[in-house]
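The values are calculated or read from the model by the stated rules, or taken from the named source; none is laboratory data. What you are looking at is a predicted structure, and each value in this text was computed from that prediction instead of being measured. Cβ sites come from the backbone with ideal geometry, for glycine too, and all protein chains shown count toward neighbours. Side chains are part of the model used for accessible areas, which takes the heavy atoms of the whole protein and leaves out ligands, DNA and RNA. Shrake-Rupley method; radii C 1.70, N 1.55, O 1.52, S 1.80 Å.
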Amino acid sequence: TTMAALKAKHPKEAKPTKSKILIFGPPGVGKTWGVLDWPGVYFIDCEGGANLDHYTDKLVKAGGVYLGPEDGANDMDVVLDQIKLLATTKHPHRTLVIDSFSKLYNTRIAEKSETMENAGADMDKTFGREKKPAIGKTRQMVAWFDRLDMNVILVCHEKDVWLDGKIIGKTFDGYDKLEYELHLVMQILKQGAARKAKVCKCRL
């Protein structure tokens, strides 16, 4: 009988993956505007706000392409299929942007909540049950991000962090364990005319 072989290799043979980043902040700090400067953006516009001329002009200049709500940008199944295709087919795109991931995630939760309400008395009343499909899809997406030879930027809204009835800070609005799956999480802040990024988590 043949013995199973040890599979570990020299650390320098391990290929580094492209950056997987989450940014969050309040409206108007320039999150969308900033990500359009990344190379070869495949822009998934869940908000439907980046179809204005100054955004699309910038996207064209950076060699990007656009997928809006009318193309399925707000449907987790459509977005997951797009990620799978980007991972398995030859293409020129170098950066995947989902803007905002909060909208995509919360839309799936809202759809599940509505389905459960329509089901009435038969529905499972487990706390947080309506989040399960959105979390499941998010985990699938994260698994496929690792197979993408692309940078990934998830743009999120920010929300308050509460402790003992008091707001103690801000975090991103989305699947709360997402930060453990990504290389970098940054809060975007506006200070006067300048924009700053506060690093919340970094593995780079």
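Charge dipole (Cα centre; +1 on Lys/Arg Cβ, -1 on Asp/Glu Cβ; no other charges) of the chain amounts to roughly 1220 debye. Solvent-accessible area of residue 201, all protein chains in place: 40 Å² (probe radius 1.4 Å, heavy atoms, ligands and nucleic acids excluded). The fraction of all Cα pairs in the chain landing in successive 10 Å bins from 0 to the largest distance is 8, 30, 34, 18, 8, 2, 0, 0, given as whole percents. Across the chain, the relative contact order, built from alpha-carbon pairs under 8 Å that are at least six residues apart, equals 29 percent. Ranked by the mean number of other Cβ atoms within 10 Å of their residues, highest first, the peptides 171-179, 86-94 come out as 171-179, 86-94.
Can you sort 81, 99 by 1.4 Å-probe accessible area, starting with the largest? Don't jump to the answer; show the numbers that get you there.
Numbers: 81 85, 99 10 Å².
Descending order: 81, 99.
Note on residue 171 and residue 132: their simple-model spin labels are 2.2 nm apart, each label 7 Å out from Cα toward Cβ.
Counted residue by residue at 0.36 nm each, then reduced by the alpha carbon distance between them, the extension gain from residue 189 to residue 202 reaches 2.9 nm. Computed over protein heavy atoms with a 1.4 angstrom probe, the accessible surface ordering of 10, 157, largest first, is 10, 157. Per-atom-type breakdown for the chain gives carbon and sulfur 54% of the accessible area (1.4 Å probe, protein chains only). The label point for residue 80 and the one for residue 110, both projected 7 Å from the Cα toward the Cβ, are 2.0 nm apart.
Counting only heavy atoms of protein chains, what accessible area per residue, in Å², does the chain have with a probe of 1.4 Å? Show your work: numbers first, answer last.
Working: 12280 Å² over 204 residues.
Each residue of the chain exposes 60 Å² on average to a 1.4 Å probe.
Against the criterion of solvent-accessible heavy-atom surface with a 1.4 angstrom probe, 156, 202 sort, most first, into 202, 156.
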